[in-house]
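Report on one structure; see the data block that follows.
The values are calculated or read from the model by the stated rules, or taken from the named source; none is laboratory data. Worth saying up front: this structure is predicted, and the values here are computed from it rather than measured. Don't worry about glycine lacking a Cβ; one is built from the backbone with ideal geometry, like all the others, and counts go over all protein chains shown.
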Amino acid sequence: MARMLFAALEHAGYEVELASKYISYSKRHAKEHMDARIAGSHEEAQLIIDQWQENGTKPDLWFCYHPYDKSPDWLGMEICERLNIPMITAEPCKTGQGPNGEWVPWRKESQRGIKMAAMNIVMTHSDKAYLSTFIDDEKVVWMPPFIDRELLIEANDFDAPALWPDGDAVKLLCVGMMRPGAKLDSYKVLAESLQSIEQLNWSLVIAGGGPGMEEVCELFSWADKRVVFAGEKSPEEVISLMAEADILAWPGCREAYGMVYLEAACFGVPTVALDNMGVPLVVEHQRTGLLADPNEENGYARALEQMIIDPKLRTNLGAGAKDFALNERSATSAAERLKTIIDELLKD
């Protein structure tokens, strides 16, 4: 999404500069790690300001993507204070605080930057609810998740090798990291659902890797050659696989929203997912895919079955998905939204 926002800002007519590659993120919460990140941010801010002064330039606005508890934007806070320029954040959010509140000091720092921002762009209802607990509504603006198809077309120059087994089986594609938690839960739902409909004519390619690889392989051990583990793939390879797939099969347990759904939609690939968290923000039931009730026993399996056995449904939902991605959630619409937000802010 950061890359998409950068491109959308350029589409909106702004001159956009990647000011820094400094990383404020930390895996560890101890005070010495925070102090080190703050000190590093201060040094980086001085270097940037010196460079701008040398060039006789100064930005009109600082745009920060995804500040959250483990990655406060100390760099932006200092630069905005010293240069007296406004800040906008996009997708500010929170994470868990640890069993004993270890990350509370980091959250306070993250919130300090979000409070300082002149405007905060949110893309999920949960993020909007979180921000409402400590800043006024007028400093929060909604913008739905979007996709830049041009970036995907550039990636699709790569020709991925055919991975689905030969034959006329319906081609299912699963794209997801293999790690404990929500991702592994999604693999469990998918494996159990497909096993319950193994009599149908389908084959599955899984693009992904991670520490949970062994457990995921065990989940699909019953499937023999119908499931192909492709391993981790580059973005170019994933896009090429999407262009060949019939269905994107990714439950999306507790997904914030999931760019993978919009990426697939750009190529007219319908989705079967769970109706939970932010997934309905990017998958519209009976228009771009099918959403199953996560509380309904075998609900996901039934949705998969419905999509697999009905080619007309796949065609209709695929067309709806493409229309949704290219028209309602396009980079053009996002650029227009960003321009409205920023121009209104700079006008003041």
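List of remarks:
- Qualifying residue in the range 310-324 (condition: within 21 Å of the chain's Cα centre (by Cα), outside any helix (DSSP H, G or I) and among the aliphatic types (A, V, I, L, M)): no
- Condition check for residue 301: assigned to a helix (DSSP H, G or I), more than 17 Å from residue 245 (Cα to Cα) and assigned by TED's automatic domain parsing to the domain that holds residue 245: yes
- Residues satisfying the stated conditions in the range 27-49, i.e. without any contact (Cβ under 8 Å) to a residue 40 or more places away in the chain and of a type outside the set (A, V, I, L, M): 28, 32, 33, 35, 37, 40, 41, 42, 43, 44, 46
- In the range 26-60, the residues that are of a type in the set (Ser, Thr, Tyr) and either exposed (fewer than 11 other Cβ atoms within 10 Å of the Cβ) or at positive phi (or both): 57
- Wholly enclosed helices (runs of 4 or more DSSP H) of the range 172-281 bearing at least 3 residues in the same structural domain as residue 301 (by TED's automatic domain parsing), modelled with pLDDT of 95 or more and surrounded by fewer than 23 Cβ atoms within 10 Å (Cβ to Cβ): 182-196, 213-219
- Options 24, 20, 110: the member that is under 29 Å from residue 337 (Cα atoms) and either touching a residue at least 60 places away in the same chain (Cβ under 8 Å) or not in a loop (DSSP other than H, G, I, E, B) (or both): 110
- Selection within the range 282-322 - of a type in the set (A, V, I, L, M) and crowded, with 19+ Cβ neighbours inside 10 Å: 282, 283, 290, 291, 292, 301, 303, 304, 307, 308, 317, 321
- Residues that are within 21 Å of residue 86 (Cβ to Cβ) and among the polar types (S, T, N, Q) were ranked within the range 100-130; the one that is surrounded by the most Cβ atoms within 10 Å (Cβ to Cβ) is 110.
- Taking residues in the range 291-317 that are closer than 13 Å to residue 273 by Cα, and partners anywhere that are hydrophobic (A, V, I, L, M, F, W, C) and surrounded by fewer than 19 Cβ atoms within 10 Å (Cβ to Cβ), the pairs with Cβ atoms closer than 6 Å and at least 6 places apart or on different chains are 301/197; 305/197.
- Residue within the range 327-340 that is among the small types (Gly, Ala, Ser), surrounded by fewer than 18 Cβ atoms within 10 Å (Cβ to Cβ) and under 30 Å from residue 120 (Cβ atoms) present: yes
- Condition met for residue 117 (modelled with pLDDT of 95 or more, over 23 Å from residue 46 (Cα atoms) and of a type in the set (Gly, Ala, Ser)): no
- Inside the range 3-50, residues that are closer than 23 Å to residue 97 by Cα and of a type in the set (Lys, Arg) make up a count of 4.
Residues checked against (1) more than 27 Å from the chain's Cα centre (by Cα); (2) part of a loop (DSSP other than H, G, I, E, B); (3) within 29 Å of residue 123 (Cα to Cα):
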residue: 42; (1), (2), (3): yes, no, no
residue: 46; (1), (2), (3): yes, no, no
residue: 50; (1), (2), (3): yes, no, no
residue: 59; (1), (2), (3): yes, yes, yes
residue: 79; (1), (2), (3): yes, no, yes
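- Residues in the range 131-162 that are modelled with pLDDT of 80 or more, farther than 28 Å from residue 60 by Cα and crowded, with 19+ Cβ neighbours inside 10 Å: 149 only.
- Selected residue (only one of 130, 65 is more than 23 Å from residue 10 (Cβ to Cβ) and among the hydroxyl-bearing types (Ser, Thr, Tyr)): 130
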